[in-house]
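Every number in this text was worked out from the coordinates using simple rules, so none of it is lab data. Since the model is a prediction, treat every value here as computed from it, not as a measurement. Don't worry about glycine lacking a Cβ; one is built from the backbone with ideal geometry, like all the others, and counts go over all protein chains shown.
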Amino acid sequence: MCGIVGVVGDDFKVSDVVESLKRLEYRGYDSAGIAYVKDGKIKVFKSVGRIDVLKENLRDRLEDEISAGIAHTRWATHGAPNDTNAHPHTDCTGKIAVVHNGIIENFRELKALLEGLGHKFRSDTDTEVIAHIIEEEYTGDVFEAVMKAIRKLDGAYAIGVVHSDHPDVIVAARKGSPLVVGIGDGFSLIASDITPMLRYTKNFIFLEDGDVALLEDGNVRIFRIDGKAIDREVRRIDLSESVAEKGGYKHFMLKEIMEGPQTLVSAMTGRIKEGFVRIPELDEIDLSNISRINVVACGTSYHAAMFFKYFVEQHTDVDVSVEVASEFRYRRPHVDDKTLTLAISQSGETADTLESVRLAKRLGSNIVAITNVVGSTITREADISIMMNSGPEIGVAATKTYVAQLTVLALLGLQLIKDRGFWSGRHKRILDNLIRMPELFENVLSFSNDIRSVAKKYVNFGHFMYIGRGYGYITAMEGALKLKEISYIHAEAYPAGELKHGPIALLDENFPVFAISPSDSLYLKTKSNMIECKARNARIISVGTFGNDELSDLSDDVLSVPRVADELYPLVMAPIIQLFAYHMADLKGYDPDKPRNLAKSVTVE
Ligand code: AGP
């Protein structure tokens with residue numbers, strides 16, 4: 001996700017702002033920029049690429065003394081990564097500069113309105129509309145102008161605003177994206193998190209949704225969006241910078257697992273209207289006449305693809321085939337112009353998936369990509385790209401991006417159901433569950449210590465068998481992969497019904513079973529498989545639904561999740577399998593962020 005920093009006070013230089021911005025590099029980005037007020041003017045420098053590129057462009061100005069400055073690292077969501085789309089964005093007069101983190105859902109309507117009023121836009125971003133709305137509302141008081149402007153915005157934002165006629169002021173606002181104010185002696189700061197500010201202060205105000213902050217040198221006042229002043233607690237946080245980069249968590253992987261609720265929100269933002277799913281990126285194609293979808297993916301993305309197959313085939317007449325990309329690309333697949341190819345890749349750079357896309361295109365298929373990186377290779381080769389909007393994932397193991405993929409695929413499936421005329425009350429319940437998922441996720445994430453306690457009992461086992469049926473098999477596959485790739489423990493995933501065809505020969509007291517056993521339509525079948533495993537003296541960790549008391553008789557350890565629609569158990573169980581693997585790796589003394597032999601993006605074959 002994007003990063004914001006801002007400083008206001010007498011003793012800052014351009015170099016201070018750039019150095020603060022570098023403290024946000026860990027968040028991942030594709031471009032960076034700065035705007036500062038000097039001699040009554042706003043100066044803006046921005047460039048695609050690393051902050052060092054920006055620093056090179058600023059080389060003659062780094063020692064310039066400034067009264068206020070804002071800066072930004074951009075993780076592209078609307079508009080490709082390039083100099084023009086980098087933040088900050090300015091209004092027509094060049095007197096207002098804005099940095100923004102989040103997604104403005106109604107930016108297209110606002111942009112059309114502003115163009116009708118004569119405003120000229122330079123970028124493809126949603127952010128630029130904010131600068132022009134402030135310009136439109138400005139009558140001499142920048143705080144009032146920002147207050148009026150943000151009332152017109154739908155969606156999520158954290159913003160910082162400077163105005164050349166108000167050289168000692170920053171106005172900041174927050175709704176749905178984090179923003180923190182740092183309080184100093186004669187100066188004040190804003191940033192997306194406390195990391196860039198720890199060098200200057202340990203005193204912070206964590207803005208809440210609907211807060212607007214007026215920073216005038218060291219004087220900070222907080223208001224609600226309705227204009228009422230409010231007192232926010234100033235919290236003292238004595239953290240080192242390196243710990244703060246991980247949000248106070250020991251590893252990026254744990255931080256990213258904990259970002260699940262925000263990930264769900266970001267993946268759904270702008271895609272649910274009046275009780276139905278409408279993915280804007282798909283406005284250009286007619287889903288109602290698609291009868292066959294071929295999905296290509298690798299690793300975790302392949303598991304997400306399998307979820308999509310189960311979901312769509314269960315609820316529509318559409319045939320879905322799912323192919324491991326490294327196999328698909330060497331076969332003679334039956335794909336043609338009547339087949340829609342769906343390519344799932346969080347990095348958008350996986351070689352096998354890209355080659356599969358190219359093969360499908362040669363065979364006449366239209367390509368829809370689901371990815372997390374704007375401007376990645378897959379977005380340039382697909383006909384349409386649906387963004388996951390998860391923000392960058394630093395840990396090598398996919399965690400929040402798996403959650404985002406399941407969410408986007410569930411939305412896509414629900415849109416297909418609607419467009420092909422299969423919508424019913426059952427699908428409305430699934431959508432309602434999906435909308436509630438962030439709070440359900442928070443609940444499951446709160447069991448992290450319980451999951452660690454269970455992991456401690458199994459940390460010395462050398463093998464695990466993950467089993468599940470239906471959607472539970474998808475969770476079993478992803479759980480086995482997570483455990484393998486970060487704890488280096490051998491883990492296999494099998495459809496529970498397949499055990500008796502051989503794998504059960506492996507089970508004994510040294511081969512525990514991780515049984516995905518929600519109270520869904522296949523529970524009784526899974527229960528029989530668990531009893532078979534128990535009869536071979538295998539220890540069982542079961543992942544079930546709250547209230548299913550018999551699991552404790554069937555299992556050695558039980559981890560439970562709230563009841564949801566059968567189709568959504570892979571989502572609500574994701575934190576369980578991710579946290580179990582994380583704690584196992586951590587307890588074994590490994591670094592879950594950098595597992596041996598693995599890369600974040602497998603760009604080689
Ligand atoms: C998942 O934890 C792994 N890091 C790996 O399997 C990954 O999912 C696979 O390489 C696909 O990556 P992609 O989604 O970027 O294409």
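Amide H to amide H, with H built 1.01 Å from N, R235 comes under 5 Å of F204, I205, F206, counting only residues 5 or more places away or on other chains.
Every helix of 4 or more DSSP H residues in the chain counts as -39500 (n - 2.57), and over all residues that averages to -10000 deg cm²/dmol at 222 nm.
Which distance in nm do the two modelled labels at N510 and T93 give, with both placed 7 Å along the Cα-to-Cβ direction? Result for the modelled spin labels: 7.8 nm. Here K457 is the anchor, and the lysines within straight C-alpha reach of less than 29 Å, apart from those fewer than 8 places off in the same chain, are K246, K250, K255, K400, K482, K484, K500, K525, K527, K534, K588, K594.
Counted by Cβ distance under 14 Å from E381, the other residues give a net charge of +1, where Lys and Arg count +1 and Asp and Glu count -1. Couplings 3J(HN,Hα) of segment 461-466, computed from phi: 6, x, 9, 9, 10, 8 Hz, in residue order, whole Hz [Karplus 6.51 cos²θ - 1.76 cosθ + 1.60, θ = phi - 60°; x for Gly and Pro]. Placing +1 on the Cβ of every Lys and Arg and -1 on the Cβ of every Asp and Glu, with no other charges, gives the chain a dipole of roughly 1160 debye about its Cα centre.
Straight-line reach from K175: which aspartates and glutamates fall under 12 Å, measuring Cα to Cα and dropping same-chain residues less than 8 apart? Qualifying aspartates and glutamates at Cα under 12 Å: D154, E208, D209, D211.
In summary, the lysines within cross-link reach of K120, defined as a Cα separation below 25 angstrom excluding same-chain residues under 8 places away, comprise K38, K41, K43, K46, K95, K111, K148, K152.
Applying the Karplus relation 6.51 cos²θ - 1.76 cosθ + 1.60 with θ = phi - 60° to segment 48-56 yields 3J(HN,Hα) values of 6, x, 6, 5, 5, 5, 4, 4, 5 Hz, where x marks Gly and Pro.
In sequence order, segment 122-138 has phi-based couplings of 10, 10, 9, 8, 6, 4, 4, 5, 5, 4, 6, 5, 4, 4, 5, 8, 6 Hz under the Karplus curve 6.51 cos²θ - 1.76 cosθ + 1.60, θ = phi - 60°, and Gly or Pro positions carry x. Each Lys or Arg adds one and each Asp or Glu subtracts one; over the other residues with Cβ under 14 Å from the Cβ of S345, this totals -2. Most tightly packed first, judged by the mean number of other beta-carbon atoms within 10 Å of their residues, the peptides 333-341, 79-87 read 79-87, 333-341. Summing Lys and Arg as +1 and Asp and Glu as -1 over all other residues whose Cβ lies under 15 Å from the Cβ of T316 gives a net charge of -1.
Based on alpha-carbon atoms, the Kirkwood radius and the radius of gyration of segment 328-449 give Rg/Rh equal to 1.03.
Classify segment 261-397 as rounded, prolate or oblate, taking a ≥ b ≥ c as the square roots of the eigenvalues of its Cα gyration tensor: rounded when a/c is under 1.5, otherwise prolate if a/b is larger than b/c and oblate if not. Oblate, because a/c is 1.5 or more while a/b does not exceed b/c.
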